Amino acid sequence: MYDVAVIGAGVVGAAIARELAVRGADVVLVDAEDDVGNATSKANTAILHTGFDAKPGTLESRLVARGHTLLSAYARRAGIPLEPLGALLVAWDDEQLAALPGLREKAEHNGYRSARVIGASEVRAREPHVGAHALGALEVPDEGIVCPWTPTLAFVTEAKRHGATVLLSTRVRGAEPRADHVELATTAGGVRAREVVNAAGLGSDTVHRMFGHATFTVTPRRGQLIVFDKLARRLINHVILPVPTAMGKGVLVAPTVYGNVMLGPTAENLDDKRATESTEEGLAQLRAKGAHIIPELLGEEVTTIYAGLRAATEHDDYQVSFHPDQHYTCVGGIRSTGLTSGMAIAEHVAAQLGQRHGLDLGEAPAPDGLPEPPRMPPIGQAQSRPYQQPERIAADPSYGQVVCFCERVSRGEIRDALCSDLPPATADGLRRRTRAGMGRCQGFFCGAAVRRLLDDGPDAPLTAEVDQ
C-alpha cells in the first residue's frame, strides 16, 4: 500500500513525486514510457516563463509565477542549466505595437512589474540582426532558457533517494476507488495507493475518465521546431517572442542552453496523440517566420528538427481538480508552461492532499531547511564541462576520452549516466543525460561507440579510432 501513486513521469508528475517523497510520503511513480520525461517533456521550447502574459486570475498565472521562483532556485542548487537572458516580445506591425502597453498592464496584473516597452532603435541596439520591420518590443528581463530534460531527471532522482518507487513501461489500464484507497490495474499488475494523482499529460483525460469524470478533452497540439548549428548563436542575444495569439505564444527564436538557436514552434491541433513527425508544410512555415524575425538565420546550417505534442484542452486554464471521496487528484491540461510551473503545481497539490484528503504529510521545509538536491551533470554550454577540467581528467582520465566530438561528451560522462540512479534504456535517453549524439553529425560518428557502451556496459572496449 503506497501513500500516493503518481501517474505520469513527465516534468509535472516528477515534480509532484519529488515534493511528496521529500515530505515523507511513500510514493510510486508510474509511466507507460521506458524513461522519465519521454513525451511532452522531452520536446518543448525550454523557456523559463515569468507568467507575464498568462490570463490574470487563472491558476496557471499564479503557478507559473511561483514556479519561476522555485525552479530558478532549485536549478542553482542542482546544477540544472539555466540562463536568464531576458526576452523581447517584438511588434512587427502597428496593431502589435499598439498592443504592447496592454501586455505590460497584463504583466502587472499578474504581479510582474519589470516589463517595459522599448522603441525600434533600442530593439536594434539590443538585437542587431533582428528583421528590419521591428517597430518596438516589450522587454521581459526575467524570461530565460533552461534545459528541458534535466529538471525531470533531477526530480525523479531526488524522489528515489527519498524512497520513491519508479515503475516505467507500465501502462495504467483502469482505476477502482475503494473506501480508503484506490486499486490501479496496470500492465505490470495491481498497484494500491491511498491517493492517486493523475499527471498523465496527453493521457490525462483518459485517466480522468477512469474515475468517471469527463470535464475536459486533450487535443494534442503539435509544435514543430528547427534547431540551428552553434555557429548561429552569434545572431541572437535574447529570447525573441511574438505577440501571443489564442493558439499559444507563437513562433519564437531563442538560444538553447546547449549553444544552438531554436526556431518554432508551430501550433497544429491534431487527433492523433502519437503524431510527432515533422511536415514539409510546418517546416516551410517556420522558415518563413524565421526569415522575417532574423533574416540571416536561414543562411545557417540546421542541426536537427523535431516535434512535440502539448496537452491542449477546450479550457484556457490548467485542469486541476480534487476528489477526496475517490482519493483522486487530477492535474491535466498543463500545456507548455509545465516546465516552469511544475514545482509550484507540486507544492499546490501537496498542500491540498494534506488539507482536503487528510494525507499525513510532513510540513514543507523552510527555505534554509530544504534537503540538498542531487547535483546533475553539467551539460549546459555555459557550464564548465568535464573535458575543460584538467584536474578532473588527471584524477579520472575517462573524462578526457571524448566519444562524441560534436558535443564534447566524454566516456566518463557516459559511464556516469549508465551507472546513475536513473540509467537510460535507449540511446535517446542517454542523449538527454549527456548530449551524446545531439550535435551537428547527429551521431553519425559516435553512434556505434555510444551503442556499444549502452549495450555492453561502460567498460566495453571501443574502436581504436575513438579510443585515440
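The values are calculated or read from the model by the stated rules, or taken from the named source; none is laboratory data. Keep in mind it's a predicted model, so treat the numbers as computed, not measured. Here the Cβ positions follow ideal geometry from the backbone for every residue, glycine too, while neighbour counts run over all protein chains shown. SASA here: full protein model, heavy atoms, side chains in, ligands and nucleic acids out. Shrake-Rupley method; radii C 1.70, N 1.55, O 1.52, S 1.80 Å.
Close amide H pairs (under 5 Å, H built 1.01 Å from N) link ALA312 with THR219, ARG221, residues at least 5 positions away or on another chain. A prolate overall shape is assigned to region 309-468, the ratio a/c of its alpha-carbon gyration tensor axes (a ≥ b ≥ c) being 1.5 or greater and a/b exceeding b/c. Karplus-derived 3J(HN,Hα) values for region 149-157, using 6.51 cos²θ - 1.76 cosθ + 1.60 with θ = phi - 60°, are 9, 5, x, 4, 4, 5, 4, 6, 4 Hz; glycine and proline are entered as x. When the Cα positions of THR206, LEU153, ILE294 are compared along the charge dipole of the chain, ILE294 comes out farthest toward the positive end, with charges on each C-beta of Lys, Arg, Asp and Glu. Here region 206-312 is assigned +1 on the Cβ of each Lys and Arg and -1 on the Cβ of each Asp and Glu. Its dipole about the Cα centre then comes out at about 420 debye.
Of the residues GLU83, GLU277, GLU108, the one with the largest accessible area comes first in the ranking GLU277, GLU108, GLU83, computed with a 1.4 Å probe on protein heavy atoms. In this structure, the amide hydrogen of TYR258, modeled 1.01 Å from its nitrogen in the peptide plane, lies closer than 5 angstrom to those of GLN381, counting only residues at least 5 positions away or on a different chain. With a 1.4 Å probe and all protein chains left in place, how much of the accessible area of the chain comes from carbon and sulfur atoms, in whole percent? The value for the chain is 50 percent carbon and sulfur by accessible area.
For the pair CYS419 and GLN388, the difference between a 0.36 nm per residue extended length and the Cα-Cα distance amounts to 8.9 nm. Overall, region 1-130 carries a charge dipole of about 580 debye about its Cα centre when +1 sits on the Cβ of Lys and Arg and -1 on the Cβ of Asp and Glu, all other atoms neutral. Applying a DSSP loop filter and a limit of 16 other Cβ atoms within 10 Å to the trypsin sites (Lys or Arg not before Pro) in region 27-113 leaves ARG113. Note on exposure: ARG411, ARG178 ranked by accessible area (1.4 Å probe, complete protein assembly) read ARG178, ARG411, with the most exposed listed first. Within the chain, the cysteines lacking any other cysteine Cβ closer than 4.7 Å to their own Cβ are CYS147, CYS330, CYS406, CYS419, CYS441. Solvent exposure of the chain, expressed per residue, is 40 Å² of accessible area, with all protein chains present and a 1.4 angstrom probe. For n ≥ 4 DSSP H runs only, could you compute -39500 (n - 2.57) per run for the chain, divide by its residues and tell me the 222 nm figure to the nearest 500? Helix contribution divided over all residues of the chain: -9000 deg cm²/dmol. For the chain, the residue among LEU225, ALA350, THR266 whose Cα projects farthest onto the positive side of the dipole built from Cβ charges is LEU225.
Kindly identify the chain as rounded, prolate or oblate by the Cα gyration tensor criterion: order the square roots of the eigenvalues as a ≥ b ≥ c, call it rounded if a/c is under 1.5, otherwise compare a/b with b/c, prolate if a/b is larger, else oblate. In terms of gyration-tensor shape, oblate. Applying a DSSP loop filter and a limit of 11 other Cβ atoms within 10 Å to the trypsin sites (Lys or Arg not before Pro) in region 234-308 leaves ARG274. Full extension of the chain between ASP360 and LEU231 gives 41.1 nm of extra length, using 0.36 nm per residue less the Cα-Cα distance.
Close amide-amide hydrogen proximity is noted between VAL166 and LEU29, each under 5 Å apart and 5 or more residues distant or on a separate chain (H modeled in the peptide plane; Pro and chain starts excluded). So for region 386-456, taking the charge dipole from beta-carbon charges (+1 Lys/Arg, -1 Asp/Glu), which of CYS406, ALA449, LEU418 sits furthest toward the positive end? The residue sitting farthest along the positive end of the dipole is CYS406.
Taking a ≥ b ≥ c as the square roots of the eigenvalues of the Cα gyration tensor, region 386-456 is classed as oblate, since a/c reaches at least 1.5 and a/b does not exceed b/c.
For region 386-456, the dipole from Cβ point charges (+1 on Lys and Arg, -1 on Asp and Glu) about the Cα centre works out to 260 debye, to the nearest 20. Along region 342-349 the Karplus relation, 6.51 cos²θ - 1.76 cosθ + 1.60 evaluated at θ = phi - 60°, assigns HN-Hα couplings of x, 5, 6, 4, 4, 4, 5, 5 Hz to successive residues, with x for each Gly and Pro.
In this view, the solvent-accessible surface of CYS419, computed with a 1.4 Å probe and all protein chains in place, comes to about 90 Å².
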